[in-house]
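The values are calculated or read from the model by the stated rules, or taken from the named source; none is laboratory data. Keep in mind the model is a prediction, meaning the values are calculated, not measured. Neighbour counts run over all protein chains shown; Cβ positions are idealised from the backbone, glycine included. Please note that ligands, DNA and RNA were not included when accessible areas were found on the heavy atoms of the full protein model with its side chains. Shrake-Rupley method; radii C 1.70, N 1.55, O 1.52, S 1.80 Å.
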Amino acid sequence: MILRGLTNRKIAATSMNSESSRSHTIFSITVSVQLEENGVQKCRFSKVHIVDLAGSERTKLAKVEGDRLREGCNINKSLHALGNVINSLVESAKKKKYIPFRDSKLTYFLKDSLGGNSKTTLLANINPSKAYLGDTISTLMFAKRAKIIKVRVEAN
């Protein structure tokens, strides 16, 4: 299954990166356990999502056109939707607010991981080069905002 998924993954060269990921990658594992307690059958399950988000690249710096430009626009669109969901989750801690999970396939798929009964970890990849300072600051602000999300972790 992993190999089939990797063959579907798009990678292409841009001026910023010789092997730029042109799509998000999601690896999901569902673990199910059947238990018997006091003669009653119970089923418990857990999901693990490992997500590699394609980074947003500024089209001016990446010098892309054609298919690479369309891919970059779609990547930026889904990352923008993810940013909106994270902002809504942070603000909803203060007051009830609509969370736009359905704005993209990515955010809808990650709904349980972002706002449900879950533990979530985010690793941000940044570039120390002065040329990419704006992207680095943007990534760090995104990570800082995601860190503020409060989830209610409870035993199922």
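Contact annotation: residue pairs with Cβ atoms under 7 Å, 6 or more positions apart or on different chains, pairing a residue in the range 35-63 that is more than 21 Å from LEU106 (Cβ to Cβ) with a partner that is among the hydrophobic types (A, V, I, L, M, F, W, C) and modelled with pLDDT under 80, are LEU61/MET16. Summed over the range 115-133, residues that are modelled with pLDDT of 85 or more and assigned to a helix (DSSP H, G or I) total 2. Considering only residues in the range 28-74 that are β-branched (Val, Ile, Thr) and at pLDDT 75 or above, the one that is nearest to TYR132 (Cα to Cα) turns out to be VAL51. From the list THR136, THR107, the one residue that fits, being free of Cβ contacts under 8 Å to residues at least 12 places away in the same chain and of a type in the set (S, T, N, Q), is THR136. For the range 92-114, name all the residues that are open to solvent by 30 Å² or more (accessible area, probe 1.4 Å) and not hydrophobic (A, V, I, L, M, F, W, C). Listed by number, the residues that qualify are SER92, LYS94, LYS95, LYS96, LYS97, TYR98, ARG102, ASP103, LYS105, TYR108, LYS111, ASP112.
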